[in-house]
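Read through the structure below, which is laid out as structure tokens, and then see the notes.
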Amino acid sequence: MLAFEDETWLELKPLIKATWMEKGKQRKVLTPGINRRVVAFITLLYPIKAIKYNIFSTKNTFFFKRHVRELVRLVHKKGFNKLILVIDNATYHRSKDSKKFMEQHRDELKVFYLPTYAPELNEVDCSINRLLKADVCSNHSYGSLKELSQDVARYLKRLNNRWQKQRDLT
């Protein structure tokens, strides 16, 4: 199974983008006094055409390994022997602890690192993260991280269902 993995910060402070408004009207977007954020670890899985995600408090080796552990379980559950994981060069992807984890799972996990500064090569970064930020985070404020996380989870579930229903064009 082939998997593209990436992470993205999701903040209470809204992302302000150009949007259509009725002439003479201006949309108000409230902002929090103190910005807080969560991170979504998102993976696109081929050929089963699924999106696997986890929402955590921060980006680090512990949460990265936890996400990958869930991916490996899913691979076995779907009847595949090996996960080919395509990731960027984030420090927690290359930490000693992450490398040790990947070495321990070498029979079921093969990792490919993308070239540095090449987000356009990661399917998650090019499609899912950009859509997520545009559709969920732009020009919208949330009262709490829980509310933001729930909205992100609903959005990714809908996106996953839509993606799985698309015909395979290959």
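The values are calculated or read from the model by the stated rules, or taken from the named source; none is laboratory data. These numbers were taken from a predicted model, which means no experiment stands behind them. Please note: Cβ atoms are built from the backbone with ideal geometry, for glycine as well, and neighbour counts cover all protein chains shown. Just so you know, the surface numbers come from the protein's heavy atoms only, side chains and all, with ligands and any DNA or RNA stripped out. Shrake-Rupley method; radii C 1.70, N 1.55, O 1.52, S 1.80 Å.
Annotations for the structure displayed:
- Test: residue in segment 47-55 that is assigned to a loop (DSSP other than H, G, I, E, B) and at pLDDT 95 or above: no
- Screening the candidates Asp135, Asp125 for the property of being surrounded by 13 or more Cβ atoms within 10 Å (Cβ to Cβ), in contact with a Phe, Trp or Tyr (Cβ under 7 Å, 6 or more places away or on another chain) and within 16 Å of Leu10 (Cα to Cα) yields one hit, Asp135.
- Extreme residue, least open to solvent (accessible area, probe 1.4 Å), among residues of segment 101-121 that are at pLDDT below 95 and either under 14 Å from Lys65 (Cβ atoms) or not in a loop (DSSP other than H, G, I, E, B) (or both): Pro119
- Residue in segment 145-165 that is open to solvent by 40 Å² or more (accessible area, probe 1.4 Å) and more than 19 Å from the chain's Cα centre (by Cα) present: yes
- Of all residues making up segment 72-90, the number that are surrounded by fewer than 15 Cβ atoms within 10 Å (Cβ to Cβ) and under 17 Å from the mean Cα position of the chain (by Cα): 1
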